[in-house]
Amino acid sequence: MINMGHYKEIIRLRNGGETQEEIAQELGLSCKTVGRYLRRGEVPIYVRNRSTKTDPFIGHEEATKELLETKQDMDMRSLFERLRERGYVGSYRTLCRKTAMLRQSMKGNAVYFERQKVPGRVMEGDFTELGGIEIGGQKLSVHLWVVVLTYSNKIFATPFLQETFECFARGSQEAFEEFGGLAEIYRLDNLSPVVIKVLRGGRETTKRFKMFHQHYGFKVHFCNPARGWEKGSVESVNGHLKKKIETEIALGKMSFVSLDSFREFVQSICRKVNEAEEVASSFKLENLRPLPPSVFEAYETKIAKVSKYSTVIVGDEGHRYSVPSKYVGCNVEVRIYPAEVMFLFQGQEIAKHGRIIGKKRLVSIQLEHVILELCKKPGVVWEWKYNNILFEHPVWNSFYERMKTERNEQSCIKEFLKCLSLTVTYGRHNVTAGMQILEEQSGLLTCNKLEAILTNEMFDPMEIKPVERNLVEYDELLRRKAR
């Protein structure tokens, strides 16, 4: 069917001398259609035949409304079955169409209330997720903790790999420090690391959040469940910030060597937002409360026993971390931070690892923690599950390959382990550099030679003898010059 505009164009082209075929080709119509309209001289009116079939929904409106008022989020299949029990004989599809209109009429139009923004009164915080960020050669999902001062719209965002209490607390602390204070009210969602249970008229929060809340002294307002608009400022910032980050990364084809480098990128974007004249001038009027003199320690702590494998199991995921082997069988304190895990014995730090993020039961072994025991039991090296850490640096691997050409296998691995044991005293960076220097020299590679390089004792200065000069030859040289 064509409209009046098409019909007028057909008449104009025909009056211009074009043939029926030319008109059809130009307007993208069939020749039959063009001919039909030219013969009739008017646009036909199509009248749809009205069905005489009775609407099966008639008589069930009130029952449907009653069910929806009882449970507005009732799924359609349950509603269909309830109405069938009450005599509804129509189809499921018809019910979906009729119910959609009924739900809309019951809902009505939303009413919005403009809020009065007061300097220093409210700050809002929330997590938002970014997927597919390339960090350290891997595509990762990153969780931004975003805080906004609702009066000035000054923002702060920092990335984490999880949504834990440690991440919430660290992100909030960094925001407070960036703002130079904190607002009277902290408006939050019902975060699982913070809220244990939603109660009528309140929230049951975790013990650690209560400590955090008490330390900073703000008032906390939790949004009602599924009512994101109650913290509309941070929700709006999340949308704009994510779009800005994703656009910058896509245009620049950006990747990041570490989470820290991505953090700097995110915060550089926040700084540009905060430097806008409107935001900067409004921020000067913010009446923020001063920060407490001490910093809240944003970590989870627990006591754990060191296993016979010189490792400690941390977290519900069952990840294992190594500690120095001399602490096997001891109870140690574990402090879990957003990006690292620290181990203490009698209040002294004995080990620190980057926090494992990902699958269950992963392992982080540091060479320095086990190398001395490996030196005592070199025969287990090739059956040890984690012997790849002995060759994790290319220099270590090439050093070992050369040693294999100079000794038999048993003697080679013993001497190589002794060389690696120097990392406990001198550090892996220095040992690696020493191996490179020693490889450039001729002769047998030994632990003693490597340690001599590390201690600058390759020769004894007292053994250097002065050069004996022949004074007669010196006099003869002077005579020759005089001639």
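The values are calculated or read from the model by the stated rules, or taken from the named source; none is laboratory data. Since the structure is predicted, the reported quantities are computational estimates derived from the model, not experimental observations. Methodologically, a virtual Cβ is constructed for each residue, glycine included, from the backbone with ideal geometry; neighbour enumeration extends over all protein chains shown. For accessibility, only protein heavy atoms count, side chains too; no ligands or nucleic acids. Shrake-Rupley method; radii C 1.70, N 1.55, O 1.52, S 1.80 Å.
The accessible surface of the chain, taken with every protein chain in place and a 1.4 Å probe, is 49 percent carbon and sulfur. For TRP382, project a label point 7 Å along Cα to C-beta. Then give me every residue of the range 406-429 with its amide nitrogen under 19 Å of that point. Only 406-418 fall inside the zone, counting backbone N under 19 Å. When the P(r) is computed for the range 103-219, the part past 25 Å accounts for 36% of the Cα-Cα pairs.
Computed from the alpha carbon atoms alone, the convex hull of the range 321-460 holds 143 Å³ per residue.
Counting only lysines at least 8 places from LYS139 when in the same chain, those with an alpha carbon closer than 20 Å to its own are LYS242, LYS243, LYS244, LYS253, LYS359, LYS360. Going by accessible surface with a 1.4 Å probe and the largest first, THR455, THR425 read THR425, THR455.
Where both residues lie in the chain, what percent of DSSP beta bridges are antiparallel, nearest 5? Present the calculation step by step, with values, prior to reporting the outcome.
Details: 42 of 53 bridges.
Rounded to the nearest five, the antiparallel share is 80 percent.
Remark on the range 231-349: Rg and Dmax equal 21.5, 61 Å (Cα only).
Note that the range 382-398 has calculated 3J(HN,Hα) couplings of 6, 9, 5, 4, 10, 5, 4, 5, 6, 10, 5, 9, x, 5, 4, 5, 5 Hz, one per residue in order, obtained from phi through the Karplus relation 6.51 cos²θ - 1.76 cosθ + 1.60 (θ = phi - 60°); glycine and proline are x.
Accessible-area rank, largest first, for PHE283, PHE212: PHE283, PHE212, with all protein chains present and a 1.4 angstrom probe. In the full protein context, the range 287-376 carries 56 Å² of accessible surface per residue, based on a 1.4 Å probe and ignoring ligands, DNA and RNA. Rolling a 1.4 angstrom probe over the protein heavy atoms with all chains in place gives the range 118-230 an accessible area of 42 Å² per residue.
Counting only lysines at least 8 places from LYS207 when in the same chain, those with an alpha carbon closer than 25 Å to its own are LYS197, LYS219, LYS231, LYS302, LYS305. Taking 0.36 nm per residue of sequence separation and removing the Cα-Cα distance, the SER91/LEU251 pair yields an extension gain of 52.6 nm. Per-residue extension of 0.36 nm, minus the Cα-Cα distance of GLN348 and THR425, leaves a gain of 25.9 nm for this segment.
Which of the trypsin sites (Lys or Arg not before Pro) found in the range 357-427 are loop residues per DSSP with 12 or fewer other Cβ atoms within 10 Å of their Cβ? Present the calculation step by step, with values, prior to reporting the outcome.
Details: sites: LYS359, LYS360, ARG361, LYS376, LYS385, ARG402, LYS404, ARG407, LYS414, LYS418; in loops: LYS359, LYS360, ARG361, LYS385, ARG407.
In loop regions of the range 357-427 (DSSP not H, G, I, E or B), the sparsely surrounded trypsin sites (Lys or Arg not before Pro) are LYS359, LYS360, ARG361, LYS385.
Gain on full extension, evaluated as 0.36 nm per residue between VAL328 and VAL279 minus their Cα-Cα distance, stands at 12.1 nm.
Computed from Cα atoms, the angle from the helix 207-216 axis to the main principal axis of the chain rounds to 90 degrees. Angle of helix 165-179 to the longest C-alpha principal axis of the chain, folded into 0 to 90 degrees and rounded to 10: 90°.
Rounded to the nearest 500, what is the chain's calculated 222 nm mean residue ellipticity when only DSSP H runs of at least 4 contribute -39500 (n - 2.57) each, over all residues? Intermediate values should be presented prior to the final figure.
Numbers: 18 runs with 207 residues, N = 483.
Calculated mean residue ellipticity at 222 nm is -13000 deg cm²/dmol.
One entry in (1) 56.3; (2) 26.2; (3) 23.6 is mean projected area of the Cα convex hull in nm² calculated from the shown coordinates; its label is (1). Entry note, the chain: relative contact order of 9 percent, from Cα contacts under 8 Å with a spacing of 6+ residues. For the chain, the longest principal axis of the C-alpha atoms and the axis of helix 92-107 are separated by about 80°. With the whole protein complex present, MET211 retains an accessible surface near 100 Å², based on a 1.4 Å probe.
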